[in-house]
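Down below is the structure, laid out as structure tokens.
The values are calculated or read from the model by the stated rules, or taken from the named source; none is laboratory data. As the structure is a prediction and not an experimental result, all values here were calculated from the model. We place every Cβ from the backbone using ideal geometry, glycine too, and count neighbours over all the protein chains shown.
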Amino acid sequence: MASRILKSGLGTAVAHRSISAAARGTLKTVRLLVEGEEAMLSAAGETPPVFAFWHGKQMLLLRYRLRWPLGILVSHSRDGELLARVLSDFGHRITRGSSSKGGAEGLAGLAELYRQGCAPCFAADGPRGPYHVLKPGAVRLASELGRPLVPASAAAGRRLTLGSWDRLELVAPFSIAAVVFGPAFAFPRGMDEDAVRMATEKVGRAVDACTRRAEEMIAEGKGCRA
């Protein structure tokens, strides 16, 4: 009975409101450290870049407010519908698709959101993993748009990591968190598949480096506060 309710439209609506309220209340108490912001904004200028981060970091990244609204690719799954509603509550724009189903449609939707002033943002190891293995969509879109691709990640001092494939991190109230932006990548238009593959591997390593740096910042307690 409970399972059927959660899978219903009513269950999704209740879960959406509960998660949004809990996330908003918790994130207001989090003290944030930020690194790489000035270089990221300088590389972007007035026009939004493309961002790539790992699944599991979504809640932490909601704490940081960018110059632009995010344009986020969310899967067509039931969980994706719930995530889309929560992200919309935080002022972000959503397009539906994934790298395994509706991928071309999803990238086209992100390109359209970019033209509307949003920064395209990828949980780039989705929609089903492998965990922390970058998919090529972010590189392809940055190349197509002629925009910098910025790796990003985050960490929290106190968090609960769920047992899902993406190891979703739920931040504890009054925790210290860190968001790190890595050096931007610039890719030419018209990249062939080998170039996309090599670039994707480099960006994946850069997102890993951002994650390690965010963990170091938590241990050090240093950074610009936002």
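Overview of values
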read-out	value
Only one of PRO69, PRO48 that is over 25 Å from ARG213 (Cβ atoms) and not basic (Lys, Arg)	PRO69
Any chance VAL150 is out of contact with any helix residue (DSSP H, G or I) (no Cβ under 6 Å at 6 or more places or on another chain) and closer than 24 Å to ALA108 by Cβ	no
Among (1) at pLDDT 80 or above; (2) in contact with a strand residue (DSSP E or B) (Cβ under 6 Å, 6 or more places away or on another chain); (3) within 30 Å of GLU144 (Cα to Cα) - the single one LEU61 does not satisfy	(1)
Checking ALA206 against (1) under 25 Å from ARG31 (Cβ atoms); (2) assigned to a helix (DSSP H, G or I), the condition it does not meet	(1)
Residue check, THR211 assigned to a helix (DSSP H, G or I), touching a helix residue (DSSP H, G or I) at 6+ places or on another chain (Cβ under 7 Å) and either more than 25 Å from ILE19 (Cα to Cα) or touching a residue at least 12 places away in the same chain (Cβ under 8 Å) (or both)	no
ALA104 being surrounded by fewer than 18 Cβ atoms within 10 Å (Cβ to Cβ), among the hydrophobic types (A, V, I, L, M, F, W, C) and either more than 22 Å from ALA21 (Cα to Cα) or at pLDDT 85 or above (or both)	yes
Search result, residues across the range 53-97 that are part of a helix (DSSP H, G or I) and not aliphatic (A, V, I, L, M)	GLN58, ARG78, ASP79, GLY80, GLU81, ARG85, SER88, ASP89
Residues within the range 158-177 that are modelled with pLDDT of 90 or more and in contact with a Gly (Cβ under 6 Å, 6 or more places away or on another chain), tallied	2
Verdict on PHE174 being surrounded by 19 or more Cβ atoms within 10 Å (Cβ to Cβ) and aromatic (Phe, Trp, Tyr)	no
Residue among ALA226, ALA155, ALA138, ALA123 that is within 19 Å of the chain's Cα centre (by Cα), surrounded by 22 or more Cβ atoms within 10 Å (Cβ to Cβ) and modelled with pLDDT under 90	ALA123
